[in-house]
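I have placed the structure first, in the form of structure tokens, so that the comments after it can refer back to it.
The values are calculated or read from the model by the stated rules, or taken from the named source; none is laboratory data. The structure displayed is predicted, hence computed values, not measured ones. Neighbour counts run over all protein chains shown; Cβ positions are idealised from the backbone, glycine included. Note: accessible area is taken over every heavy atom of the protein model, side chains too, but ligands, DNA and RNA are not part of it. Shrake-Rupley method; radii C 1.70, N 1.55, O 1.52, S 1.80 Å.
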Amino acid sequence: MRQTPVRLGIAGLGTVGIGVVKIVQRHADLLAARSGRPIEITAVCARDRSKNRDADLSGYAWEEDAVALARRDDVDVFVELMGGHEGAAKNALEAAIASGKDVVTANKALLAHHGQALALAAEEAGRVIRFEAAVAGGIPVIKTLTEGLAGNALRRVMGVMNGSCNYILTRMESAGLSYETVFEEARALGYLEADPNLDVGGIDAAHKLSLLASIAFGTQVSFDTVELEGIGRISIDDIRRAGDMGYKIKLLGVAQMTGRGLEQRMTPCLVPAESPLGQLQGGTNMVVLEGDSVGQIVLRGAGAGEGPTASAVMGDVMDIARGTRLPTFGTPATQLAAPTAARANAPAPFYLRLELFDKPGALAKVATVLGDAGVSISRMRQYGHEDTTAPVLIVTHKTTRDAIDHAIARLPATGVVDGDPVAIRIEEV
Ligand code: NAP
Ligand code: HSE
């Protein structure tokens, strides 16, 4: 006897949506065999019906409006692949939940802004929201955290979760090009979001980090409290100099629960060049999870693109088809704690780059300012003078961001430092 199918309504037929359509069409038998039920698409929706979409959509009903699609009686699972954290995506998700549909989405922005309210609504209605594709594309990190590591107290979650930024940083290094040149190159190649600041400003990656932190620490999603700094100020000079000292620069997300509260930051960091994070090239993503029992797990893979992202969406669809039902963020939404945000001030080594005037005693003056701020030097390198100044690189012993900022504020008064010093945290990974 034919099993009851799982009927999908797909809103959004762009890169990810068409990827999902192709998997459903190509692997119909495999999906049915694995889930025990046929997976079918009944209706789809996008903005422009006349667009050529590289897939046969003739067998599906077309809806002009995502909310209407979400409410259709012949849809069991609403698959939201439109994007955006307000408007159509949010309205349609709410409509889907209210009309008794389970939801699969790749929309990290929507969940970062409205995750708690949506999770509460879904759980009250007895529905599930799954979002594997929203974080690190094809890497099954949500499943790993929510299910595989459910028996661990998580200590730290970190990773490179924006492929475009990692592409820019590694391309700057390999080709010796400036940030501005590689940014334009990435834009021309279509690697950047329509609003590139979502990528290079760290916002997209911060959305993802806030979702991982919620699952890892049992807290309500708190995107607004992520400490955020993009890669726009990273120079080729810093990439080269950091390399000389044995490090790579990454846009690194780190979330950890401290005695002071939940620390979440998405900022450029130095990591050891030989570490897995340091070796990550191009648009690839990497997530590092640390649990009290399991120790450290490193997940690596494609963070974006049609195939990898659609693969993650289909993993969620298959879970629903198989009857797996979990709270959105692992812990029931009513039990998620409102987190206290802690500023990232846990001690760490820092990398400092200064341009020092060629004056007697200049180095001693810098060392004194650092010493007075309680910052101890671990390693130092001075390069030859270029005109009137010489670059000086310092790796400190563990210290706090406050102590570094205190020292930097006092450096201009020494009269031996030209311009603004650069200070970047070194993450121990
Ligand atoms: P995309 O290529 O821009 O496609 C978006 C689709 O949504 C288009 O088909 C568009 O219609 C449709 N759409 C937009 N607004 C709509 C509205 N108001 N009503 C109906 N349809 C609407 O985007 P994408 O790259 O596939 O991304 C989709 C989602 O996946 C986003 O949340 C994104 O952040 C997430 N994601 C993407 C990737 C990736 O690699 N692309 C990776 C991870 C997560 P038209 O085609 O008619 O314009
Ligand atoms: N702009 C994102 C990235 C797409 O570069 O990683 C995947 O979320």
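At a glance:
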{"quantity": "Matching residues, the range 267-289, being buried (at least 18 other Cβ atoms within 10 Å of the Cβ), away from ligand 1 (no atom under 16 Å from the Cβ) and part of a strand (DSSP E or B)", "calculated": "Thr267, Pro268, Cys269, Leu270, Val271, Val288, Leu289"}
{"quantity": "Which listed residue is modelled with pLDDT of 95 or more, among the small types (Gly, Ala, Ser), out of contact with any strand residue (DSSP E or B) (no Cβ under 7 Å at 6 or more places or on another chain) and under 30 Å from Leu212 (Cα atoms), from Gly12, Gly19, Gly36, Gly59", "calculated": "Gly19"}
{"quantity": "Subset of the range 1-21 (residues that are farther than 19 Å from Gly303 by Cα and assigned to a helix (DSSP H, G or I))", "calculated": "Val21"}
{"quantity": "The range 70-88 residues that are in a helix (DSSP H, G or I), paired with ones that are among the basic types (Lys, Arg) and buried (at least 16 other Cβ atoms within 10 Å of the Cβ) (beta carbon under 8 Å, 6 or more apart)", "calculated": "Ala70/Lys101"}
{"quantity": "Within the range 22-58, considering residues that are of a type in the set (A, V, I, L, M, F, W, C) and in a strand (DSSP E or B), the one farthest from ligand 2 (Cβ to nearest atom)", "calculated": "Ala43"}
{"quantity": "Segments classed as helices (runs of 4 or more DSSP H), wholly inside the range 192-264, with at least 2 members that are buried (at least 23 other Cβ atoms within 10 Å of the Cβ) and away from ligand 1 (no atom under 16 Å from the Cβ)", "calculated": "203-217"}
{"quantity": "Long-range neighbours under 7 Å by Cβ, at least six apart or interchain, first residue in contact (Cβ under 8 Å) with a residue 60 or more places away in the chain within the range 149-168, second within 16 Å of ligand 1 (Cβ to nearest atom) and among the basic types (Lys, Arg)", "calculated": "Met161/Lys208"}
{"quantity": "Matching residues in the range 65-84 - criterion: being aliphatic (A, V, I, L, M) and more than 16 Å from ligand 2 (Cβ to nearest atom)", "calculated": "Ala66, Val67, Ala68, Leu69, Ala70, Val75, Val77, Val79"}
{"quantity": "Of residues in the range 95-114 being surrounded by fewer than 24 Cβ atoms within 10 Å (Cβ to Cβ) and within 14 Å of ligand 1 (Cβ to nearest atom), the one farthest from Arg322 (Cα to Cα)", "calculated": "His113"}
{"quantity": "Residue within the range 309-316 that is at positive phi and outside any loop (DSSP other than H, G, I, E, B) present", "calculated": "no"}
{"quantity": "Qualifying residues in the range 115-129 (those that are out of contact with any strand residue (DSSP E or B) (no Cβ under 8 Å at 6 or more places or on another chain) and assigned to a helix (DSSP H, G or I)) - the one most open to solvent (accessible area, probe 1.4 Å)", "calculated": "Glu124"}
{"quantity": "Criterion (open to solvent by less than 30 Å² (accessible area, probe 1.4 Å) and either away from ligand 2 (no atom under 16 Å from the Cβ) or over 25 Å from Arg156 (Cβ atoms) (or both)) met by exactly one of Thr324, Thr309, Thr331", "calculated": "Thr309"}
{"quantity": "Sole residue being surrounded by fewer than 18 Cβ atoms within 10 Å (Cβ to Cβ) and of a type in the set (A, V, I, L, M), chosen from Ala346, Ala407, Ala373, Ala390", "calculated": "Ala346"}
